[in-house]
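What follows is one structure encoded as C-alpha coordinates, with my remarks underneath.
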Amino acid sequence: MDRPELLEKVLDRYGVDFIATRSGWQSVRCPNELGHARGDENPSCRVNLTFGAAKCMGCGLSGSGYDVIMAVEGLDFKAAVEALGSVRKREESMWLFQIGWICGILLSLDLMVAGSPLG
(Lines give C-alpha, C1' and ligand atoms only; values in the text may rest on other atoms or scores of the structure.)
Protein backbone atom coordinates (compact mmCIF):
# COMPACT_ATOMS: atom_id res chain seq x y z
CA MET A 1 0.00 0.00 0.00
CA ASP A 2 1.55 3.33 -1.04
CA ARG A 3 1.52 6.50 1.09
CA PRO A 4 -1.45 8.24 -0.63
CA GLU A 5 -3.59 5.09 -0.46
CA LEU A 6 -2.59 4.60 3.18
CA LEU A 7 -3.60 8.14 4.11
CA GLU A 8 -6.95 7.73 2.33
CA LYS A 9 -7.61 4.55 4.35
CA VAL A 10 -6.80 6.35 7.60
CA LEU A 11 -9.02 9.33 6.73
CA ASP A 12 -11.85 6.92 5.85
CA ARG A 13 -11.30 5.11 9.15
CA TYR A 14 -12.01 8.34 11.07
CA GLY A 15 -14.83 9.54 8.82
CA VAL A 16 -12.89 12.55 7.51
CA ASP A 17 -14.38 14.00 4.32
CA PHE A 18 -11.87 14.71 1.56
CA ILE A 19 -11.76 15.02 -2.22
CA ALA A 20 -9.89 11.95 -3.46
CA THR A 21 -9.33 13.32 -6.96
CA ARG A 22 -7.86 16.62 -5.83
CA SER A 23 -4.12 17.07 -6.09
CA GLY A 24 -2.17 19.30 -3.75
CA TRP A 25 -3.11 20.35 -0.25
CA GLN A 26 -6.72 20.50 0.96
CA SER A 27 -8.26 21.48 4.29
CA VAL A 28 -10.09 18.76 6.21
CA ARG A 29 -11.38 18.16 9.72
CA CYS A 30 -8.56 16.82 11.88
CA PRO A 31 -8.90 13.12 12.75
CA ASN A 32 -7.40 13.90 16.18
CA GLU A 33 -10.58 15.40 17.65
CA LEU A 34 -9.29 15.10 21.22
CA GLY A 35 -6.41 17.40 20.30
CA HIS A 36 -8.85 20.27 19.74
CA ALA A 37 -10.89 22.13 22.35
CA ARG A 38 -14.09 22.05 20.25
CA GLY A 39 -13.47 18.98 18.11
CA ASP A 40 -11.97 20.95 15.20
CA GLU A 41 -15.15 22.78 14.17
CA ASN A 42 -13.22 24.75 11.53
CA PRO A 43 -11.04 22.34 9.52
CA SER A 44 -7.45 22.97 10.56
CA CYS A 45 -5.80 19.88 9.12
CA ARG A 46 -4.21 19.95 5.67
CA VAL A 47 -3.74 16.74 3.70
CA ASN A 48 -1.92 16.11 0.46
CA LEU A 49 -3.12 12.91 -1.16
CA THR A 50 -0.46 13.16 -3.87
CA PHE A 51 2.29 12.70 -1.26
CA GLY A 52 0.26 10.97 1.45
CA ALA A 53 1.03 13.61 4.05
CA ALA A 54 -1.02 15.35 6.74
CA LYS A 55 -0.36 18.41 8.89
CA CYS A 56 -2.76 19.89 11.43
CA MET A 57 -2.23 23.56 12.19
CA GLY A 58 -4.24 23.26 15.41
CA CYS A 59 -2.89 20.26 17.31
CA GLY A 60 0.41 19.70 15.50
CA LEU A 61 -0.45 16.26 14.13
CA SER A 62 1.74 15.56 11.10
CA GLY A 63 3.15 12.80 8.96
CA SER A 64 1.93 9.79 7.03
CA GLY A 65 -1.13 7.65 7.62
CA TYR A 66 0.81 5.59 10.15
CA ASP A 67 1.77 8.75 12.06
CA VAL A 68 -1.87 9.84 12.13
CA ILE A 69 -3.19 6.55 13.48
CA MET A 70 -0.37 6.34 16.06
CA ALA A 71 -1.19 9.84 17.35
CA VAL A 72 -4.97 9.46 17.37
CA GLU A 73 -5.10 6.01 18.95
CA GLY A 74 -1.88 6.19 21.01
CA LEU A 75 -0.35 3.18 19.27
CA ASP A 76 3.21 2.26 18.45
CA PHE A 77 4.21 1.60 14.84
CA LYS A 78 3.65 -2.17 14.96
CA ALA A 79 0.17 -1.78 16.46
CA ALA A 80 -0.69 0.88 13.86
CA VAL A 81 0.31 -1.48 11.04
CA GLU A 82 -1.83 -4.22 12.59
CA ALA A 83 -4.77 -1.83 13.01
CA LEU A 84 -4.58 -0.79 9.37
CA GLY A 85 -4.31 -4.45 8.43
CA SER A 86 -7.68 -4.93 10.12
CA VAL A 87 -9.13 -2.39 7.67
CA ARG A 88 -7.92 -4.53 4.81
CA LYS A 89 -9.27 -7.68 6.50
CA ARG A 90 -12.71 -6.05 6.82
CA GLU A 91 -12.65 -5.20 3.12
CA GLU A 92 -11.64 -8.76 2.24
CA SER A 93 -14.36 -10.14 4.52
CA MET A 94 -16.97 -7.95 2.82
CA TRP A 95 -15.74 -9.08 -0.59
CA LEU A 96 -15.92 -12.74 0.45
CA PHE A 97 -19.42 -12.17 1.88
CA GLN A 98 -20.57 -10.66 -1.42
CA ILE A 99 -19.08 -13.55 -3.42
CA GLY A 100 -20.77 -16.07 -1.11
CA TRP A 101 -24.08 -14.24 -1.46
CA ILE A 102 -23.84 -14.27 -5.26
CA CYS A 103 -22.90 -17.98 -5.28
CA GLY A 104 -25.89 -18.73 -3.06
CA ILE A 105 -28.22 -16.97 -5.48
CA LEU A 106 -26.73 -18.79 -8.45
CA LEU A 107 -27.04 -22.12 -6.66
CA SER A 108 -30.68 -21.50 -5.78
CA LEU A 109 -31.41 -20.48 -9.37
CA ASP A 110 -29.72 -23.65 -10.58
CA LEU A 111 -31.79 -25.76 -8.18
CA MET A 112 -35.00 -24.02 -9.32
CA VAL A 113 -34.19 -24.76 -12.95
CA ALA A 114 -33.17 -28.35 -12.19
CA GLY A 115 -36.41 -28.98 -10.28
CA SER A 116 -38.63 -27.43 -12.94
CA PRO A 117 -40.29 -29.41 -15.72
CA LEU A 118 -37.86 -27.71 -18.13
CA GLY A 119 -34.75 -28.98 -16.29
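Would you confirm whether any residue within the range 63-84 is in contact (Cβ under 8 Å) with a residue 40 or more places away in the chain, under 17 Å from residue 2 (Cα atoms), part of a strand (DSSP E or B) and of a type in the set (Gly, Ala, Ser)?
So far as the range 63-84 goes, no, none of its residues is in contact (Cβ under 8 Å) with a residue 40 or more places away in the chain, under 17 Å from residue 2 (Cα atoms), part of a strand (DSSP E or B) and of a type in the set (Gly, Ala, Ser).
Determine whether residue 65 is surrounded by 13 or more Cβ atoms within 10 Å (Cβ to Cβ), at pLDDT 90 or above and not aromatic (Phe, Trp, Tyr).
Yes, satisfied.
Specify the residue that is nearest to residue 57 (Cα to Cα); the eligible residues are those in the range 19-33 that are buried (at least 18 other Cβ atoms within 10 Å of the Cβ) and without any contact (Cβ under 8 Å) to a residue 40 or more places away in the chain.
Among those residues, the one meeting the criterion is 30.
Which of the numbered conditions does residue 15 fail, given that it passes all the others? Conditions: (1) surrounded by fewer than 16 Cβ atoms within 10 Å (Cβ to Cβ); (2) more than 18 Å from residue 70 (Cα to Cα); (3) among the small types (Gly, Ala, Ser).
It fails just one condition, (2).
Within the range 43-57, restricting attention to residues that are part of a loop (DSSP other than H, G, I, E, B) and touching a Gly at 6+ places or on another chain (Cβ under 7 Å), which residue is surrounded by the most Cβ atoms within 10 Å (Cβ to Cβ)?
Checked the range 43-57; the qualifying residue surrounded by the most Cβ atoms within 10 Å (Cβ to Cβ) is 52.
Filter the range 15-42 for residues that are assigned to a loop (DSSP other than H, G, I, E, B), out of contact with any Pro (no Cβ under 8 Å at 6 or more places or on another chain) and under 21 Å from residue 3 (Cβ atoms) and give the result.
15, 17, 18, 19, 20, 21, 22, 23, 24, 31, 32
Yes or no: residue 4 in contact with a Ser or Thr (Cβ under 8 Å, 6 or more places away or on another chain), surrounded by 12 or more Cβ atoms within 10 Å (Cβ to Cβ) and modelled with pLDDT of 90 or more?
No.
The values are calculated or read from the model by the stated rules, or taken from the named source; none is laboratory data. This structure is a prediction, so every number in the text was calculated from the model and none was measured. Methodologically, a virtual Cβ is constructed for each residue, glycine included, from the backbone with ideal geometry; neighbour enumeration extends over all protein chains shown.
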